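Laboratory data are not the source of any read-out in this text; all were calculated from the coordinates shown. Given the structure is predicted, the values throughout are model-derived calculations rather than measurements. Reconstructed Cβ throughout: ideal geometry from the backbone, glycine too, with neighbour counts over all protein chains shown.
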Amino acid sequence: MTVPPSITIHILKETVKEGDNITLTCNILDGIPDPAITWREVGSTSSKVLSNTSSLTIVNVSRPGTPDHMIQYQCTASNGVETPATATVNVTVHCK
C-alpha cells in the first residue's frame, strides 16, 4: 500500500527581529513510504536545500531587501506517490 504525503506547519506567519534565531517545524501527517523532507527559501536565486529534516533553524536572521521585509520558507515532503506536499511559512524580519 502507498499513501501520498501530507504535511502541516502550525505557525504559517512568524515575526522576528534582525539578528535573532528562528526554528520552523514541518510535521508529516501521512505518507507511505515515509516522505523525505526538504526546506528551501522561496524566490532564492539558488535552489539550495537548507535542511533535510522536519525542522529548519535559521541563525542570525537578516532582513531581506524586499519592501515588506518578508522571507518565505517552503517545506516539501515527497515519497514518489502522487504530487509532493508543500507548505510555506512567511517570516517578517523587523529592525533590531
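Just name one of Thr83, Val61, Ser51: the one whose Cα is farthest towards the positive end of the charge dipole of the chain (beta-carbon charges, Lys/Arg +1, Asp/Glu -1). Projecting each Cα onto the dipole axis, the largest value belongs to Val61. Fully extending the segment from Asn21 to Ser6, taken as 0.36 nm per residue of separation minus the present Cα-Cα distance, adds 2.7 nm.
Just to be sure I understand: with springs between alpha-carbon atoms less than 10 Å apart, which residue in Glu14, Glu82, Glu41 has the highest mean-square fluctuation in the Gaussian network model of the chain? Answer for the Gaussian network model of the chain: Glu82. Across the chain, Cα-Cα distances exceeding 19 Å account for 42% of all pairs.
Here the chain is treated with +1 on each Lys and Arg Cβ and -1 on each Asp and Glu Cβ, and its dipole about the Cα centre works out to around 300 debye.
With each label modelled as a point 7 angstrom along the Cα→C-beta vector, the Leu29-Thr57 pair spans 2.8 nm. Taking Thr57, Thr76, Thr23 in turn, the Gaussian network model of the chain (Cα-Cα springs below 10 Å) assigns the largest fluctuation to Thr23.
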